[in-house]
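Peer 1: Attaching a single structure in structure tokens format; questions to follow.
Each reported figure results from applying straightforward, stated rules to the coordinates on display, with no laboratory input. Because the structure is a prediction, the values reported are computed rather than measured. Don't worry about glycine lacking a Cβ; one is built from the backbone with ideal geometry, like all the others, and counts go over all protein chains shown.
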Amino acid sequence: MKKRSSFGGSIGFVLAAAGSAVGLGNIWRFPYLAAKDGGGLFLILYLILALTFGYSLLTSEIAIGRKTKESPLTAYKELHPRFGWVGILACMIPMIIMPYYTAIGGWVLKYFMTFITGSGMEAAEDGYFTGYITSVSEPITMGIIFLFLCTIIVLGGVNKGIERASKFIMPVLIVLVLIIAIFSLTLSNKTDAGVRTGLQGLSILFIPDFSGLTIGKFFTTLMDAMGQLFFSLSIAMGIMVAYGSYVSDDTNLGKSINEIEIFDTLVAVLAGVMIVPAVYVFMGRDGLSSSGPGLMFISLPKVFAQMGFTGQIIGAMFFAMVLFAALTSAVSIMEAVVSSFHDYFHLKRRHATIIETIIALVFCVIVCLGYNKFYFEIKLPNGSTAQILDIMDYFSNYILMPIVAIATCILVGHIVTPKYVIDEVEKNGSKFGRKRLFTVMIKYVAPVLLFILFLQAFAFKSK
Ligand code: PHE
């Protein structure tokens, strides 16, 4: 029998999977959604969904990986010959995400370098970010450096590369997040409208705001929470199948999955504690109206600038933390592709990694040039304007990922039946906590929710 690499222990697996889950989404989207969608209300829905919907999908993918000991590209076919196409999509998704995640990783690296060299104030100037991404050579260079960092870790293998890097990076990340979050709570600022404090900002995040709550708003909040959770747990990207295939048969899957979810949710909430109060104190509620690159690369540098010298140190710590979060996520997408190439084409890890690096490099350059030489804009079916990066993001996250997730629900819920996953979790005597709930979720509730999420891709938003 061929020997498959494996994680050294459950801690290594949990930290690697949490490293994948904790990424840009936790930092630049979760806090924004929580502030936009009525604070505590969003949090409550998010937690309920994490314990039901997220838990069921995550468990299914990890169990499929461990049972088949195969990569995403080859695993689905093994469950049922008619589902081989799901494996192809589950391998295509990380191939699409990797180049643009790398490009963004390069932006983060640039900001980290800017702050660490004491030039953080420049990053707060108007037009700095646009000026940077529309320049030609530097974003490409930074993207390539970020890509090579991932390549080095993946070349090291599951044990000596991914697991070792995660065991170092994740604890440091948590410490950085905690320091910045505590600092953020101590902030205050005198404005014409009175003093704004960090604790007031915190209430925006945690206290449920039911004012003006309509059914429509509730539905939007629910969809926001679900879409965020889905992306945040790295579900339907082939990643959890790949990582699951490296988990030893004696690991307690149920316990590990709970730990991964707790880790991911904790970092998301702490990112909220880090960002919402700081932005509120220096920019007021209006500052909280941007998410994604706008929040991270435009608003936050302005916030750091207002804190004077301390802000420059906190800024350097913040971008170091984001860099770590992005790196472990990018490593996991690369590994999903590398494991697929390895299993399907019987390539050595080294060769599979080099091929994926070349593919990611070529498309990363194209993504970077999408802001200058290859610049064009189109309108997506959901109404937003998009460049090359946004088009790739839309196609993978809004179209392909829900399809893979729905197909996984049908496969697990109705073809191999939920018993396949339950038996896999219980096979070494470990407990499967929410069996009934899991069965109902994966058979009926999750596919319906996912289908509604999929339809959102075509819902025209006026804003
Ligand atoms: N879970 C990641 C996040 O929250 C998403 C992700 C993981 C994206 C891996 C790409 C690759 O940002």
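Peer 1: Give me the distance between the Cα centres of segment 436-451 and segment 266-297, rounded to whole Å.
Peer 2: So the separation of the two Cα centres works out to 33 Å.
Peer 1: Further, regarding this structure: Quick check: net charge around Cys150, other residues with Cβ under 10 Å of its Cβ, Lys/Arg +1 and Asp/Glu -1? Let's see the in-between values first.
Peer 2: Details: positive: none; negative: Glu335, Glu356.
Around Cys150, the charge tally is -2.
Peer 1: Let me ask something else. Quickly rank 147-159, 236-248, 205-217, 85-97 as a protection proxy: mean count of other C-beta atoms within 10 Å, highest first. Before the final figure, lay out the partial values.
Peer 2: Details: 147-159: 20.0, 236-248: 27.8, 205-217: 11.6, 85-97: 22.7.
The peptides rank, most packed first, as 236-248, 85-97, 147-159, 205-217.
Peer 1: While we're here: Among Gly201, Ile104, Ser340, pick out the residue whose Cα is farthest towards the positive end of the charge dipole of segment 10-458, where Lys and Arg carry +1 and Asp and Glu carry -1 on C-beta, about the Cα centre.
Peer 2: Selected residue: Ser340.
Peer 1: Something else now. Quick one: if the Förster radius is 35 Å, what FRET efficiency do Val448 and Thr385 give, using the C-beta to C-beta distance and rounding to 0.05? Please list the in-between numbers first.
Peer 2: Values: r = 31 Å, r/R0 = 0.88.
Computed FRET efficiency for Val448 and Thr385 comes out at 0.70.
Peer 1: Around Phe282, what is the net charge, scoring Lys/Arg as +1 and Asp/Glu as -1 over all other residues with Cβ under 15 Å from its Cβ?
Peer 2: On the way: positive: Lys190, Arg196, Arg285, Lys302; negative: Asp192, Asp286.
Overall, the nearby charge balance is +2.
Peer 1: As I understand it, the dipole of segment 248-331 uses +1 on the Cβ of Lys and Arg and -1 on the Cβ of Asp and Glu, about the Cα centre. Which of Ser248, Asn258, Leu323 lies farthest toward its positive end?
Peer 2: My answer, from the dipole projection, is Leu323.
Peer 1: Label Ser430 and Met113 with points 7 Å out from Cα along Cα→Cβ: what is the distance between them in nm?
Peer 2: According to this spin-label approximation, the distance is 4.2 nm.
Peer 1: Let me ask something additional. Each label point is 7 Å from the Cα along the Cα-to-Cβ direction; what then is the distance between the points at Ile422 and Ile354, in nm?
Peer 2: 4.9 nm
Peer 1: May I pose another question? Work from the charge dipole of the chain (Cβ charges, +1 for Lys and Arg, -1 for Asp and Glu, about the Cα centre) and give the residue of Ala305, Ile27, Met92 farthest towards its positive end.
Peer 2: Met92
Peer 1: Do any of Lys167/Lys443; Lys110/Lys217; Lys110/Lys167; Lys217/Lys419; Lys36/Lys419; Lys3/Lys167 go past 32 Å between their Cα atoms, and which? Mind dumping the intermediate values first?
Peer 2: Numbers: Lys167/Lys443 35 Å; Lys110/Lys217 38 Å; Lys110/Lys167 25 Å; Lys217/Lys419 37 Å; Lys36/Lys419 40 Å; Lys3/Lys167 24 Å.
Pairs exceeding 32 Å: Lys167/Lys443; Lys110/Lys217; Lys217/Lys419; Lys36/Lys419.
Peer 1: Just add up the charged neighbours of Pro99: K/R +1, D/E -1, any other residue whose Cβ is under 15 Å from the Cβ of Pro99. Mind showing how you got there, number by number?
Peer 2: On the way: positive: none; negative: Glu356, Asp390, Asp393.
Net charge around Pro99: -3.
Peer 1: Within 10 Å, count the other beta carbons around each residue, average over each peptide in 66-74, 353-361, and list them highest first. Mind dumping the intermediate values first?
Peer 2: Numbers: 66-74: 24.1, 353-361: 19.8.
Result, highest mean Cβ count within 10 Å first: 66-74, 353-361.
Peer 1: Something else: Suppose the Debye formula is applied to equal point scatterers at every Cα of the chain; what is log10 I(q)/I(0) at q = 0.07, 0.12 Å⁻¹?
Peer 2: -0.33, -1.03
Peer 1: Let me ask you something else. For segment 308-439, divide the Cα radius of gyration by the Kirkwood radius and give the resulting Rg/Rh value with two decimals. Walk me through the intermediate numbers first.
Peer 2: Numbers: Rg = 20.9 Å, Rh = 19.3 Å.
The Rg/Rh ratio comes out at 1.09.
Peer 1: Another question, if that's okay. Under a point spin-label approximation (7 Å from Cα along Cα-to-Cβ), what is the Phe168-Thr310 distance to one decimal in nm?
Peer 2: It works out to 3.1 nm between the two label points.
Peer 1: Cβ neighbours within 10 Å, averaged per peptide: list 51-61, 426-436, 327-337 in order, most packed at the top.
Peer 2: Details: 51-61: 24.4, 426-436: 13.1, 327-337: 27.6.
Highest mean packing first, the order is 327-337, 51-61, 426-436.
Peer 1: Which value, in debye to the nearest 20, describes the size of the charge dipole of the chain about its Cα centre when Lys and Arg Cβ atoms bear +1, Asp and Glu Cβ atoms bear -1, and nothing else is charged? Kindly include the intermediate steps, with their values, before the conclusion.
Peer 2: Values: 34 positive and 27 negative charges, 190 e Å.
Using only the charged Cβ atoms, the result is roughly 920 debye.
Peer 1: Where the centroid of each part is defined by its Cα atoms, how far is segment 1-45 from segment 313-363 in Å?
Peer 2: Distance between centres, Cα-based: 17 Å.
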